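Shown next, in structure tokens, is the structure this report addresses.
None of the figures in this text is laboratory data; all of them are computed from the coordinates on show. The structure presented is a predicted model; accordingly, all values stated were derived computationally and were not measured. Neighbour counts are summed over all protein chains in view; Cβ atoms, including those assigned to glycine, are modelled from backbone coordinates with ideal geometry.
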Amino acid sequence: MASILVTVTAARESMPVGGPAAPEHDELRENLRQADPGVLTAVLAQLTGDPAVIEAYAAKISYIPDPPERAGATDPDTAAALVDAVIDALGTPRRAQATPADDREFFARLLPIALGSKVDDEQVDLLLEQGGFQRSQPTLPRTVPIPDSVEIAIIGAGIAGISLALAAAEEGVRYQIFDRNAEVGGTWCTTTYPGIGVDTPSAYYSLSREVNPDWSSYYPAGAEYQSYLVTLADKHKLRECTRFGTEVQALWWDEGRRQWQIHSVDADGRRGVSFASVVVTATGYLNRPRWPDIKGRETFAGISVHSALWDSSLNLAGKRVAIIGAGCTAVQIVDACVDQVDHLTVFQRQPHWVAPRKRLTDDVPAHKRYLGRHLPYYAKWNRLKSYWGTADNNYPVILQDPEWAENHLSISAANDVLLQMCLEYIERMFGKDTALAKKVTPDFAPYGKRIIRDPGGYYAALTREHVDVEASEPAEVNTKGIVTQSGRQIDLDVIIYATGYHLDFLSTIDIRGRDGKKLVDEWGDSPRAYRGGTVPGFPNLFTMSAPNYSPGHGAGANFSMEVLAHYIIECLQLMALRGTSTIEVTQRAYEKYVAEIDQAMSRTVWCHTPSAHTYYRSGSGRVVVATPYRLVDVWQQHRAPDEEDFVLR
């Protein structure tokens, strides 16, 4: 039986990031018994290509909450029959006339069964892609290939750069990646503070073309996610096209060559100039650690460390420690080190809304990991359920209802559901109206600044006898430690600065377009861009981490990266079809698009929570990080470029 299962699995579905292994028959049956029957029904239908499966099982499945997914429930007899049918299907050759697993109509019928809720037709094509059942589908005709003369310079080897590199390779487009680090991974390569982890569900926070079937945690440690990216680099031989230890300092448009000059410096200080017809920046916008402007900070005689520049040799055991910050990074560090330190003081400029962990443990159950490795289509449905549970269903949470907001701290009824959940968590952990409860309760609506997920022990840590919370920034730092706003001296051994990053939309790179136009002058204190991160005067320049592209209400940054990778390739295809060497957005299209974003943004929580300190807003006050749109809208907007919005030369 085992050899048959391996043959069927390998033939029916490529299992990325690892491959199928031979399961024992009894072991397979036991793991199938524990699986979500809604997902098993969808898997069975795809294995057999038989629509009759839907009629046989769909009506017998009910749904119960199991955040962040929905789990199906059936009567024991139906569940047993479903397990038998899946095992039989694995050992039976697929009929020649069977419906393809990614047939759109067939897939649309499976969605509500597996996801546990109604799915509008406008979402179907997006879900085919996000589940990894289909690669991103070409939109423009491929009657003319993208010329061999086109080479993309990709700045950054994190998930954004990797996503574009894979999309380019699939189209046969040459590329070269530049990265200042010695390995791929970006943030996950360089940031190693205690407790660092993914706060987007792991099943989803990956590439749809490379679904990992075997995450150990629903929210894995940073090292596990870095391992996933390294595996992609190995599998696709990305290092052969990557210049590591090379920092790009300037990008200058060379009109004579109709190419970009790429000015870089390597780890030994050697400077060089390369050329590429197309440049795509994939550096992110949070790269430079931000140290707070606190009087006396340099005078501290103990150890000062920024979370982004963590010293792996630092031992916090038995130390008197202060951490400055209360965002996601601080939460993870506190959770990880509270049992090690002698005393911990948390300096909180402003509290965040903290959502409780909804499981006793974040460990992925053994049956899910087993089935992800052995059962075709299972890992893809698991990914899709994770996406669906955190995507556009969550969109109403960020939209203001003016009538509701007039008399509530929350901005809408949907937003209030989250508010009440967080308030209940505060009361449960700290007691009603206690001093500590008041310290950690924000005065703005949820999502006014990025909401935090408690990794499991943050709020509990704040209640410990050896932990204090200061609801303010330090007044000053001296040789012995920190002076509080009330004038109290706190002697310390270590100060941890979990104070985030400067918001750098390419401001650290000297980018000059046509006629020497500087991007920093165009953007000033309010970065903005048209689709693909394009800006007038900067031909053949695209930005993966573009202004107003980060999903603010759900899913993850990987969503926008895949959307933009598709769009950039479509732009190159348009150039090929028209026989041109440059593409440049018009001023009119640029201004119109930005105005539409600002208009849509005016209805969102970020424009109606002025007291919330958030990096989503630039110094000008404009919201520059998040997108105000539903994810399906962003996806549809980027299927293909609108030719009338560009100058092609």
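Sorted by average packing, counted as other Cβ atoms within 10 angstrom per residue and highest first, what order do 590-603, 627-640, 453-466 take? Display every interim value, and only then the final one.
Values: 590-603: 15.5, 627-640: 19.3, 453-466: 17.2.
Highest-to-lowest ranking by the protection proxy: 627-640, 453-466, 590-603.
Using the Cα gyration tensor of the range 168-236, with a ≥ b ≥ c the square roots of its eigenvalues, what is the shape: rounded (a/c below 1.5), prolate (a/b larger than b/c) or oblate (neither)?
Details: a/c = 2.63, a/b = 1.38, b/c = 1.91.
Since a/c reaches 1.5 but b/c is at least a/b, the shape of the range 168-236 is classed as oblate.
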For the chain, what proportion of DSSP beta bridges, expressed in % and rounded to the nearest 5, is antiparallel?
50
Note down the relative contact order for the range 265-409 as a percent, whole number, built from C-alpha pairs under 8 angstrom at least six residues apart.
14
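Once whole DSSP H runs in the chain are found, which of them have Cα atoms spread over 30 Å or more along the helix axis and a mean Kyte-Doolittle score of at least 0.0? Before the final figure, lay out each step's value.
Numbers: long enough: 557-578 (32 Å, 0.87).
Membrane-span-like by this rule: 557-578.
Residues with beta-carbon under 11 Å from that of residue 343, excluding residue 343: net charge, scoring Lys, Arg +1 and Asp, Glu -1? List each step's numbers first, then the result.
Working: positive: 319, 320, 464; negative: 342, 465, 468, 491, 493.
Cβ neighbours under 11 Å give a net charge of -2.
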Given pairs 358/432; 235/380; 235/385 and cut-off 23 Å on Cα-Cα distance, the over-length ones are 235/385
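Where does each of 609-617, 499-507, 123-131 land if you order them by average Cβ count within 10 Å, highest first? Provide the component values of the computation, followed by the final result.
Values: 609-617: 17.3, 499-507: 19.2, 123-131: 21.1.
Taking the mean over residues of other Cβ atoms within 10 Å, the ranking is 123-131, 499-507, 609-617.
Could you work out the local net charge near residue 486, counting Lys and Arg as +1, Asp and Glu as -1, over the other residues with Cβ closer than 14 Å to its Cβ?
Its environment carries a net charge of -2.
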Tell me the relative contact order for the chain as a rounded percent, counting alpha carbon contacts under 8 Å between residues six or more apart.
17
Quick check: pseudo-label points 7 Å beyond the Cα along Cα→Cβ at residue 25 and residue 142, how many nm apart are they?
4.2
The local net charge around residue 598, scoring Lys/Arg +1 and Asp/Glu -1 for residues other than residue 598 whose Cβ lies under 14 Å from its Cβ, equals +3
Is there a quick way to get the dipole size of the chain? I mean about its Cα centre, with the Cβ of Lys and Arg at +1 and of Asp and Glu at -1; what is the value in debye to the nearest 20?
860
Residue exposure sequence - 253, 388, 310 - by fewest surrounding Cβ within 10 Å:
310, 253, 388
Which trypsin sites (Lys or Arg not before Pro) does the range 28-109 hold that lie in a coil by DSSP with at most 13 other beta carbons within 10 Å?
95
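Hey, can you rank 520-527, 80-87 by average C-beta count inside 10 Å, highest first?
Numbers: 520-527: 16.0, 80-87: 18.2.
So the peptides 520-527, 80-87, ranked by packing, come out 80-87, 520-527.
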Roughly speaking, what is the centre-to-centre gap between the range 315-349 and the range 91-152 when only Cα atoms are used, to the nearest Å?
46
